[in-house]
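Any read-out appearing in this document is the output of simple, stated calculations on the displayed coordinates, not a laboratory observation. This structure is a prediction, so every number in the text was calculated from the model and none was measured. Here the Cβ positions follow ideal geometry from the backbone for every residue, glycine too, while neighbour counts run over all protein chains shown.
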Amino acid sequence: MSQYMFGPIGLSDQKAVIDLFNHYIEHSFAAYPEHKVPYEFFNMFLGMCKDHPSVTVKDDEGMLAGFGMLRYHNPIPAFSHTAEITYFIRPELTGKGLGTQMLEYLIAEGKKRGISNILASISSLNEGSIRFHQKHGFTECGRFREVARKKSTFFDVVWMQKNIG
């Protein structure tokens, strides 16, 4: 059984992170873009999580198992205690506790930076993510009906919230 190491996202993670993100773009509604993103998109991820915690999970051979981040929900200082969460795990590794460990890591690191609320924006077609967040204390706090479309399919965006303060 592999041991997993947790650490912040670094420049050397660019290819693995974008490859995983692109998998979810192509094969699910978990990632919102309709088409694969180029490796340069990684710089946007780094910018999004600037001043917030990020995490990679790697196996004992250094292979990426997943990544995640907290990022600004709104850059106005009144919202500085609120962050949005994003994370993706290699499909064959879901259901093995890595998502829970990534969430716990991001919560602990977020608290150190004064985060007291975490928001998750989830496709209504991503029922596994909705169940995961409910299981971990998130509650639905909003739903925008049919505001997104991917692969000619309209879907709701479900907002979930967890107070960690």
Regarding Leu119, is this residue closer than 20 Å to Pro53 by Cα and either in contact with a Ser or Thr (Cβ under 7 Å, 6 or more places away or on another chain) or free of Cβ contacts under 8 Å to residues at least 12 places away in the same chain (or both)? yes
Of those in segment 102-125 that are under 13 Å from the mean Cα position of the chain (by Cα) and polar (S, T, N, Q), the residue farthest from Tyr24 (Cα to Cα) is Ser121
For segment 71-86, check the following and say yes or no: at least one residue is among the aromatic types (Phe, Trp, Tyr) and within 13 Å of the chain's Cα centre (by Cα). yes
Anything in segment 25-59 that is surrounded by fewer than 19 Cβ atoms within 10 Å (Cβ to Cβ), closer than 22 Å to Gly7 by Cα and aromatic (Phe, Trp, Tyr)? List them, or say none. Tyr39, Phe41
Which condition breaks for Gly62 when tested against (1) closer than 27 Å to Glu127 by Cα; (2) surrounded by fewer than 16 Cβ atoms within 10 Å (Cβ to Cβ); (3) in contact with a strand residue (DSSP E or B) (Cβ under 9 Å, 6 or more places away or on another chain)? (1)
Subset of segment 34-60, residues touching a residue at least 40 places away in the same chain (Cβ under 8 Å) and out of contact with any Asp or Glu (no Cβ under 7 Å at 6 or more places or on another chain), comes to Glu34, Cys49, Asp51, His52, Ser54, Val55, Val57, Lys58, Asp59, Asp60
Any idea which of Ala83, Ala65 is small (Gly, Ala, Ser), in contact (Cβ under 8 Å) with a residue 12 or more places away in the chain and closer than 20 Å to Val17 by Cα? Ala65
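Across segment 123-157, which residue is farthest from Met5 (Cα to Cα) among those that are in a strand (DSSP E or B) and in contact (Cβ under 8 Å) with a residue 40 or more places away in the chain? Give the steps one after another, and end with the answer.
Within segment 123-157, the first condition is being in a strand (DSSP E or B), and the residues that meet it are 123, 139-150, 153-157.
Restricting the remaining residues to those that are in contact (Cβ under 8 Å) with a residue 40 or more places away in the chain gives 123, 148, 150, 153, 155.
Working: Ser123: 29, Ala148: 35, Lys150: 34, Thr153: 37, Phe155: 35 Å.
It comes out as Thr153.
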